[in-house]
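Engineer: Pasting a structure below so you can have a look.
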Amino acid sequence: MRTRLFSALLLSAGLVASAGTALASGDNPPSFVVELEGGGFWQSRNDVQIPNDQTGTRFSLVDVAGNGPWPATRLYVTWNINPRHSLRALAAPLSITETGVPASDIRFAGSEFTGGVPVEATYQFNSWRLGYRYRFHAGDRWAWWVGFTAKVRDAKIELRQGATPARKTDVGFVPLLHIEGQYRLSDNWRVVLDVDALAGGPGRAEDASLKIYRDIGERWSVAAGYRTVEGGADVDEVYNFAWLHHAVLSVSLGF
């Protein structure tokens, strides 16, 4: 797993090193921007109970699968309709499979898993999004966007012990509020805060990044930073709250 993480980091670093000229911004952004992000992620929390009643055991996937790191990539495609209005699509697959030894018995999704015996755990949380945003402020240093994002989550938690498998899958729609702030440090350097989030009801979701970008010429930019993804749901069928931390590198092309 760490070999795949190292390969992903090398790929991202190679993209960064090979980026040759930079991304225009301001009042004349490129019509399309493609950004490839890669790096590693860790989990500091991943609590599960399925079903969310007395027939299910609440346990930590961190205890079973570990903290990480694991490789992760995502791809953004932005269409700047004009300087103020844009659409953005995101593909963010994420999946891990690890083997660990639970300290006690686990009742999960109708099956029982014995403590002290190795269990293979899979956690999948793929995210597919399409969003609209509006630039409501553009100053000498600051620019701000606000909008909304339609997210489709493709989630799965699976445990396997010998010939005993159990899984819970969930494909659903989540509406998110989007906000982005950009502070230009100089002609070629800028800091970008990017947030998709929802809070309230039986669950919440936050996906936020803070990255520093270096524009190189008129078409390319490279970036490095931190991303946090946190949230979950507390409903009759599922209790699951996770907190993931990403160290990321990205390269962007505008055309």
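No value in this document is a laboratory result; all are computed from the given coordinates. Note that the structure is predicted; figures quoted are calculated from it, not measured. No Cβ is skipped: glycine too gets one built from the backbone with ideal geometry, and neighbour counts run over all protein chains shown.
Engineer: Treat each spin label as a single point 7 Å out from the Cα along the C-beta direction, and report the residue 173 to residue 75 distance in nm.
Structural biologist: My value for the distance between the label points is 2.5 nm.
Engineer: Relative to the first principal axis of the alpha-carbon coordinates of the chain, what is the inclination of helix 2-18, with its axis defined by its Cα atoms, in degrees from 0 to 90 and to the nearest 10?
Structural biologist: On a 0 to 90 degree scale, this one is about 10.
Engineer: Sequence neighbours fewer than 8 away in the same chain don't count; with that in mind, list the lysines whose C-alpha is under 24 Å from residue 168.
Structural biologist: Those lysines meeting the cut-off are 151, 156.
Engineer: What is the magnitude of the charge dipole of the stretch 2-254 about its Cα centre, with +1 placed on the Cβ of each Lys and Arg, -1 on the Cβ of each Asp and Glu, and no other charges, expressed in debye to the nearest 20? Present the calculation step by step, with values, prior to reporting the outcome.
Structural biologist: Numbers: 25 positive and 26 negative charges, 121 e Å.
In total the dipole reaches around 580 debye.
Engineer: Moving on. The stretch 227-255 to the stretch 81-152: how many Å between their Cα centroids?
Structural biologist: Between the Cα centres of the stretch 227-255 and the stretch 81-152 lies a distance of 4 Å.
Engineer: Residues with beta-carbon under 13 Å from that of residue 130, excluding residue 130: net charge, scoring Lys, Arg +1 and Asp, Glu -1?
Structural biologist: Here the count lands on +3.
Engineer: State the extension gain, in nm to one decimal, for the chain segment bounded by residue 54 and residue 212, taking 0.36 nm per residue of separation less the distance between their alpha-carbons.
Structural biologist: 52.2 nm
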